[in-house]
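As structure tokens, the structure follows; a few thoughts come after it.
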Amino acid sequence: SRANLRAVLDQRTDDMTDATPCYMLTTPGRPLPRNTAYLDFSAWLDQSPIQMVETTPLNRLIDTFRALRLRYVVVVRNGALVGMVTKRDILRRIHSFRGRA
């Protein structure tokens, strides 16, 4: 959930920068660094998340959520994470459209 991801981000220390490594998964036999600052998201992330590019049309996103019964989708630009869309986000958006009609 976003709360879990926020909890990891709240563990940042003053010596961390935009270049601080973030680990999204752990690899057996390959330990995380000991003397280097990093953020570990591996406990909270799906190892194979559904990804969509940021220009994906909303109707395609909604259809994908319905067809695959997703809770969230990660949004990427040129392969880099730029955001996340949750089922709750989709439901709010649908509700806002209905409110305008």
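The values are calculated or read from the model by the stated rules, or taken from the named source; none is laboratory data. Keep in mind the model is a prediction, meaning the values are calculated, not measured. Glycine also receives a Cβ, built like all others from the backbone with ideal geometry; neighbour counts cover every protein chain displayed. Ligands, DNA and RNA are excluded from the accessible area calculation, which covers all protein heavy atoms including side chains. Shrake-Rupley method; radii C 1.70, N 1.55, O 1.52, S 1.80 Å.
Pairing each residue of the range 16-41 that is in contact (Cβ under 8 Å) with a residue 12 or more places away in the chain and farther than 19 Å from V82 by Cα with any residue that is acidic (D, E) and open to solvent by 70 Å² or more (accessible area, probe 1.4 Å), provided the two are 6+ apart or on different chains, yields C-beta distances under 7 Å for A37/D15.
Applying the set (1) more than 21 Å from R2 (Cα to Cα); (2) touching a residue at least 24 places away in the same chain (Cβ under 8 Å); (3) of a type in the set (D, E, K, R) to D63 leaves exactly one unmet item: (2).
Scanning the range 70-99 for residues that are within 12 Å of the chain's Cα centre (by Cα) and open to solvent by 100 Å² or more (accessible area, probe 1.4 Å) turns up R71, L81.
If you take the residues of the range 15-24 that are assigned to a loop (DSSP other than H, G, I, E, B), touching a Ser or Thr at 6+ places or on another chain (Cβ under 9 Å) and farther than 23 Å from D89 by Cα, which of them is least open to solvent (accessible area, probe 1.4 Å)? So, considering only residues that are assigned to a loop (DSSP other than H, G, I, E, B), touching a Ser or Thr at 6+ places or on another chain (Cβ under 9 Å) and farther than 23 Å from D89 by Cα, the one least open to solvent (accessible area, probe 1.4 Å) is T20. Contact annotation: residue pairs with Cβ atoms under 9 Å, 6 or more positions apart or on different chains, pairing a residue in the range 73-101 that is farther than 15 Å from I62 by Cα with a partner that is at pLDDT below 85 and open to solvent by 70 Å² or more (accessible area, probe 1.4 Å), are L81/M24.
Looking across the range 1-58 at every residue that is at pLDDT below 80 and β-branched (V, I, T), the one that is farthest from the chain's Cα centre (by Cα) is identified as T27. The strands (runs of 3 or more DSSP E) falling completely within the range 39-93 that include 3 or more residues that are aliphatic (A, V, I, L, M) map to 72-77, 80-86.
In the range 1-14, the residues that are over 19 Å from D89 (Cβ atoms) form Cβ pairs under 7 Å with partners that are assigned to a loop (DSSP other than H, G, I, E, B) and open to solvent by less than 80 Å² (accessible area, probe 1.4 Å), at six or more places apart or across chains, as follows: V8/F41; T13/A37.
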